[in-house]
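Read the structure below first, then the notes.
The values are calculated or read from the model by the stated rules, or taken from the named source; none is laboratory data. As the structure is a computational prediction, the values presented were derived from the model and not from experiment. Counting neighbours? That spans all protein chains shown, and the Cβs are built from the backbone with ideal geometry, glycine included.
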Amino acid sequence: MEFKINIEEDKLKYIEFLMQKLEDDSFAAAESIGLLGREASSTLTKIKAAEEGISAIMSDVHSSGIMTDAQAEALRDYRDNIIDLNS
């Protein structure tokens, strides 16, 4: 069995154009999703590092019973960094 479809040349070119545009848009969307994933991973890594720094300082403070000015400043820096990364 054989089917033949007659399509005017300009309609065929338009269909080809739409198919290429769909392919281009799909590729752009995939690139954007990949970039978003890498950015999210990087941000989560930075947040985890800040949380680990906070935990280390709090452990030292718990052990010694006092918090130094340097530790307080470091805690503020970690806090500000986490806030910046989440905004």
_Matching residues, segment 51-79, being assigned to a loop (DSSP other than H, G, I, E, B) and either exposed (fewer than 12 other Cβ atoms within 10 Å of the Cβ) or touching a residue at least 60 places away in the same chain (Cβ under 8 Å) (or both)_ = G65, I66
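Rundown of residues vs (1) on the phi > 0 side of the Ramachandran plot; (2) hydroxyl-bearing (S, T, Y); (3) under 25 Å from the mean Cα position of the chain (by Cα); (4) modelled with pLDDT of 90 or more, yes/no style:
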site	(1), (2), (3), (4)
N6	no, no, no, no
E39	no, no, yes, yes
S42	no, yes, yes, yes
E52	no, no, yes, yes
S59	no, yes, no, yes
G65	yes, no, no, yes
I82	no, no, yes, yes
*Name the residues in segment 1-44 that are part of a loop (DSSP other than H, G, I, E, B) and out of contact with any helix residue (DSSP H, G or I) (no Cβ under 9 Å at 6 or more places or on another chain), would you?*
M1, E2, F3, K4, I5, N6, E8
